[in-house]
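Please treat every number below as a calculation from the coordinates, not as lab data. Just so we're clear, the structure is a prediction, and the values are computed from it rather than from any experiment. Glycine also receives a Cβ, built like all others from the backbone with ideal geometry; neighbour counts cover every protein chain displayed.
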Amino acid sequence: MDSKGMADAIPRLGALDHLGLAARAHGEKGAAGVRLAERRFLAKLNLRGDPNDHGFMGAVASVLDGFEPRIIPNTAVHTGRFDLLWLGPDEWLVVAADGAEAELEARLTAAVAPHGGTVTDVSESRTTIVVSGPNARDVLAKGCPLDLHPRAFAAGACAQSLVAKVGVILHRTDTAAPGEPARFELHALRSFADYLWRFLDDAGQEYGVTVMEG
Amino acid sequence: MLLIACPWCGPRAELEFRCGGQGHLTRLTDAMEVSDAEFARYLYMRDNPKGWHYERWNHVNGCRRWFNAVRHTVTHEFHATYKPGEPKPDLPRS
Amino acid sequence: MSNGELRLPTGGRIDRAQPLRFIFDGAGYSGYAGDTLASALLANGVRLVGRSFKYHRPRGILSAGAEEPNALVELGNGARREPNLRATQIELHDGLVASSQNRWPSLDLDIGAINNLASRLLPSGFYYKTFMWPPSFWHFYEHFIRRAAGMGRAATEPDPDRYDHRYEHCDVLVVGAGPAGIAAALAAGRSGARVVLCDEQQEMGGDLLASMALIDGAPAADWVARALGELGALPEVRLLPRATAFGYYDHNAVAIVERVADHLARPGPGLPRQCVWHVRARRVVLATGAIERPLVFRDNDRPGVMLANAARVYLRRYAVACGRRAVLFTNNDAAYGAALDLRAGGMDIAAIVDLRADPKGQRTEAARAQGLRVLAGRAVIGVQGSKAVSGVEVARLQDDASAAILDREQIACDTVLMSGGWTPTIHLFSQSGGKLRFDTETAAFVPDRATQALRSAGACNGATRLSDCLAQGAAAGAAAAQDAGFAAAAPPLPELDPDLDEAPMRHLWVVPSDAPVGHKGKHFVDFQNDVTAADIRLASREGYRSVEHLKRYTTTGMGTDQGKTSNVAALAILAEATNASIPQVGTTTFRPPYTPVTMGALTGRTVGPLLEPARWTPIHRWHVRTGAVFENTGQWQRARYYPMAGEDMHAAVEREVRAARNLVGLFDASTLGKIDVKGPDSARFLDLVYTNSWSKLAIGRSRYGLMLRDDGYIYDDGVTTRLGPEHFLVSTTSGNAAPVLSFMEDLLQTEWPHLKVRLTSVTEQFAVVTLSGPMARRLLAELTRDIDLSPQAFPFMTLRAGTVAGIPVRVFRVSFTGDLSFEIQARASHGLALWHACLAVGEKYGITPYGLEAMHVLRAEKGYIIVGQETDGTATPDDLGMGAMVAHAKPDFIGKRGLKRAELLRPERKQLVGLRLADGEHKPLPEGAHLVNDPGLPPPMPMLGHVTSSYYSPTVGAPIALAMIKNGRARMGEELYAPLPDRVVRARVVAPCFFDPEGKRLHG
Ligand SMILES: [Zn+2]
């Protein structure tokens, strides 16, 4: 499955390609309160291991720019190249650039396997919808029961929940700098992506929706 | 809609969870030795109290973990939620 | 009265610079921005606004708020027509169209009013008594009763508006923005807590907007404006006007419906009409106010009879005099305040009729001092006028209050303002599970013990004085914020007018007149449901002594107002009739919603294309473009068949099946559940959850597995492949993927935490394309160079990795059709490319995409089961002829003990068999059809089993069926019968396999 060189020529179909988002994408942000974008084909690895095992934590850090997985639930770290999201007491999601999955899976597996860790490539399982803008929280509140207020969901927080009945992994990726609007990445199962996008697009109409480059 | 405190994720909306029925039932280790009647009791007979109830929940649309809870079946108050393997808390008086 | 006559030249909170036009019952009127429909109608002298439910009596506006029982109107027309809206809560906008209800042919001339003349024939329980027999006639009666009773007409067209839902979280939710609510929000909001303040009215302030009180030396409305200004500037405070908290649910979940655009003549694009807020609050402060009670006197329902405080609200807020000359009828002091306010506003107060013999309070003294005529110890014993009040008759009460016949006096007036005290609005408190206490002095239920994290403040808590409302609100708001972790303090009270001493009320629940109650007129208790005091007494005499029975029998407290103005009086009258106290009689339970909520708002945006999440496979768009007919299986949208021009389903499926059997078919199997199993104990774990053994399965080999529940019955099935020493790929049925994962996680996390196994769903990581049929190998050979497809190199139930059309894949030699099959797994994003490559190369082999329906036929021909179709939750492996798949020697597996239960070992259990129909039967049996030995017996005849799958088989050239039949395997060759509604079909029991029983094709 890893013969990546050969596969490069094969056309890949993203979960939302039928919407023609690239053609609709705006460079400038405009007056819209909600900005939607898709980040296609991000590498995503499901990482499992024992957080009480220093060997395992160190092995992860040795591959992920020196960062250990978070043990505080519902938080993420950004290493510069990778996002490392807490999913459960022994489970994390590693997010990296498109195409990084094969090599990263191999390196991580080699590092954590001696410590009982496992790595599973789930890059294709989910696509990533980015919701940002001054009304990002408002539009998400229309479908998500989580409290996304900055006091409850700080920059760097992540959670698994539902948006419009669709299971998603939410990750707040803005830095809470003054004037910086909220930005959320929603890693949603590929099969639901069309429904979720249409829901967000519809729910955002009251604030205006702009499609952005991913 | 209930607010349920996942022992890992904290308070979350009920729709992220699925109730797994009565808690602290252990799978019979001597199942092959027990009578049909005894096995049927294990399989089918459950407490149905009007009041505090030990039960299991799964944070199915969250961290996917199973955990235990003590919930009041009339008021829906949660006395405690706790991880599997943690001791069974005492019931409140009321 | 002509238009605008009753609008005062100055005052009120309306915007006279913004005149608005509106239409009521076809006639044009004008009002102002800030008006409600009710205030605008009153300003235009429109008194008659509806007909009552049962007797079709003319009715006018009773109140100024949510409690309105009479002034129900239909709003809008066409698709936007909405019935049963309270005119008192409809915010006027330009172009508003409304009409009255319950009248035919017109409000003024109403044929149904004959019911009033015949009212002796319509006592309580009339409908039950008259239309009960025979029971089968009820639906016939109901049609006419409903039309005669009438509760407005719903629109029949699809709703063109959009509705919204949103979740909200806060530290303190304050419901009601009167004095207590605003004080609470200020106290909480200043601490930095996240506060939501909601109020059902268009303008916040509650009673203060109509009050003549001074706060800090300025009009109360100024204090409101200052407070709202401050709250609006606090970043963590959200103000929600036009928002009714209608439901209080568990754990401080409160549902609020906000009327976002109802008041806008031209709503902005994308704006929802209404939005339901699902608020989760750490603490709640209920400041929901109180509702004035009517008095129950003869003909108290005539248009022009209103609640006293409502008249004050219309005057002060909307600059509308409800009439020119009013008689006040009261049992308490508060009405005196209203009388003074109304006189100050220019209304003529003809008299204050007070049920109390000698009322002595500071307010009553003030009224007397200002020259108001007070008639103490007297009662209004009748109202003159039918479509509008023209006067009242007043008489002195006898000492025992049994009658009022002395000193009779006629007083001319056009308005009767009544005040029977106040009922705290405890609906939300009661919904929250809070316990109520009866306060004898005010004859009202008040909050006692809360069971959720809430506090009540102000009039809903029984407070009557402004100072108490403000103080309770501030204290509750501060305490709520403190509970939520904020350093809050109750602000000091503003400077207020001194509190006035009040004389006690007199509770006279049915005001006597010169004739027994029920004669010469009607004493209405529940205006909306036309329930009178006589009805309640009759019901009591007939034995309806529980309030719940009373409610259902008389319909009191039902309808759109749920008895907001009538419940206490109804209880009190029942209590008197049964010689019990009011708390002994009890109160009814309040349930959501507080006021009616539109179905649109409850539905929100889950309509049309957003009704339900739909799951698409990576190849979905191709199915759509090809014109596939889809079938929803769970949330997945799957191609059922691909009709070609002129084909019906039968023809398309037959073509697809023939192609897959004779040439090669192409199937999108991506929905199949896939679970990645890793870890040193993986094989041990699979041994425990499946009936068969996995430890010895070689790497690169697949095996079909059966999963049971503890009870021994089949739960799921699927093929599992060993990818490495500690790595398996489990497949589950499409619909069961998530439950099976949850089931397995449950066992790992709680039952066998010592097992080192990790499960990850990879269902969506891969697209799965199946090539099936005799040409499959030749086709695939053209697409791959690195996989040896020969049967020797790549036998049945093995796996090879490589490339197909340059795409990295795993190829599984498994089959669900009974034919030579290759299941090709590629990354999801490569799925469509793989599909296209197969189609392109396959053209010369006659490749044909087949859908779910053809797949079902193909597998049924081979006798492969589908969990949920052949199984019904009570089928064992042996029932399905798969007893050999159970490795009884294993020390343990889920279901092992269950399989040994007597019931599961019972002879005569139903077993899977095939059925062939008698010659000449071309139609398949219906699935679910029962099979019997002797169709000549009278029903119910002994049943042998039922059909689980049934199709026309193109391969066999005849209908086939799978069935579960008692002792089926011993009945091979027996003739059974399926008695159908139109015929009896003869069927022969055969082995459950109609195609290639030796498996030559499968292994070929
Ligand atoms: Zn959790």
Can you compute the FRET efficiency between C:Thr451 and A:Arg151 using 1/(1 + (r/R0)^6), with r the Cβ-Cβ distance and R0 = 25 Å? Round to the nearest 0.05.
0.35
Fewest-first ranking of C:Ile787, C:Ile349, using other Cβ atoms within 10 Å as the exposure measure
C:Ile787, C:Ile349
Report the Cα-based extents of the protein assembly as shown along its three principal axes, largest first, to the nearest Å.
115, 82, 64
Give the angle, between 0 and 90 degrees and rounded to the nearest 10, that separates the Cα long axis of helix A:193-203 from the longest principal axis of the Cα atoms of chain A.
40
Residue exposure sequence - C:Met972, C:Met885 - by fewest surrounding Cβ within 10 Å
C:Met972, C:Met885
List, in the order given, every pair from B:Lys83/C:Lys756; C:Lys900/C:Lys923; C:Lys678/C:Lys1000; A:Lys44/C:Lys890; C:Lys900/C:Lys1000; C:Lys678/C:Lys910 whose Cα-Cα distance in the structure shown is over 30 Å.
C:Lys900/C:Lys923; C:Lys678/C:Lys1000; A:Lys44/C:Lys890; C:Lys900/C:Lys1000; C:Lys678/C:Lys910
Going from the fewest other Cβ atoms within 10 Å to the most, one would list C:Val46, C:Val956, C:Val374 as C:Val956, C:Val374, C:Val46
What FRET efficiency comes out for C:Asp407 versus C:Asp348 if R0 is 25 angstrom and r is the Cβ-Cβ distance? Round to the nearest 0.05.
0.65
Positive end of the charge dipole of segment C:294-420 (Lys, Arg +1 and Asp, Glu -1 on Cβ, about the Cα centre): tell me which of C:Val394, C:Ile349, C:Asn300 has its Cα farthest that way.
C:Ile349
Rounded to whole Hz and in sequence order, give me ³J(HN,Hα) for segment C:955-971 from the Karplus expression 6.51 cos²θ - 1.76 cosθ + 1.60, θ = phi - 60°, writing x for Gly and Pro.
5, 7, x, 7, x, 10, 8, 9, 8, 9, 10, 3, 6, x, 5, 8, 10
Measure off 7 Å from each Cα along the Cα-to-Cβ vector at C:His1003 and C:Lys520, then give the distance between these two points in nanometres to one decimal.
10.4
Using only the alpha carbons of chain C, determine the length spanned along each of the three principal axes and report them from longest to shortest in whole angstroms.
115, 70, 56
Can you give the charge dipole size of chain C about its Cα centre, rounded to the nearest 20 debye, using +1 on the beta carbon of Lys and Arg and -1 on the beta carbon of Asp and Glu?
1700
What is the magnitude of the charge dipole of the protein assembly as shown about its Cα centre, with +1 placed on the Cβ of each Lys and Arg, -1 on the Cβ of each Asp and Glu, and no other charges, expressed in debye to the nearest 20?
1360
Report the net charge of residues surrounding C:Pro643, where surrounding means a beta-carbon distance below 12 angstrom and charges are Lys +1, Arg +1, Asp -1, Glu -1.
-3
Taking the dipole about the Cα centre of segment C:390-493, with the C-beta of Lys and Arg at +1 and of Asp and Glu at -1, give me whichever of C:Ala443, C:Phe486, C:Ala457 is farthest to the positive side.
C:Phe486
Can you compute 3J(HN,Hα) from phi for each residue in segment C:994-1004, using the Karplus curve 6.51 cos²θ - 1.76 cosθ + 1.60 with θ = phi - 60°, rounded to whole Hz and x for Gly and Pro?
10, 9, 6, x, 7, x, 5, 5, 4, 8, x
Only Cα pairs under 8 Å and at least 6 apart count here; give the relative contact order of segment C:404-451 as a rounded whole percent.
31
In µm²/s, what is D for segment C:294-420 at 25 °C and 0.890 mPa s, where D = kT/(6 pi eta Rh) by Stokes-Einstein and Rh is the Kirkwood radius from Cα pairs?
173
Helix-derived mean residue ellipticity, 222 nm - over chain A, DSSP H n ≥ 4, -39500 (n - 2.57), to 500
-6000 deg cm²/dmol
When the Cα centres of segment C:1-48 and segment A:116-141 are compared, how far apart do they sit, in Å?
54
Which loop-located GluC sites (Glu not before Pro) does segment C:492-582 contain, where loop means any DSSP state but H, G, I, E or B and the Cβ has at most 14 other Cβ atoms within 10 Å?
C:Glu495, C:Glu542
Relative contact order of segment C:334-424 (C-alpha contacts under 8 Å, at least 6 apart) in percent is 22
Note to self: Kirkwood Rh of chain A, Cα pairs, one decimal, Å, is 17.9
Can you give the FRET efficiency for C:Arg591 and B:Asn48, using 1/(1 + (r/R0)^6), R0 = 25 Å, r = Cβ-Cβ distance, to the nearest 0.05?
0.55
Nothing charged except the Cβ atoms of Lys and Arg (+1) and of Asp and Glu (-1): what's the magnitude of the dipole of segment C:724-812 about its Cα centre? Round to the nearest 20 debye.
340
How about segment A:163-214: which GluC sites (Glu not before Pro) there are in a DSSP loop, with at most 14 other Cβ atoms within 10 Å of their Cβ?
A:Glu213
Hey, which lysines would be in cross-link range of B:Lys50, C-alpha to C-alpha under 23 Å, not counting anything within fewer than 8 residues on its own chain?
B:Lys88, C:Lys435
With an 8 Å Cα cut-off and a minimum separation of 6 or more residues, compute the relative contact order for chain C in percent.
9
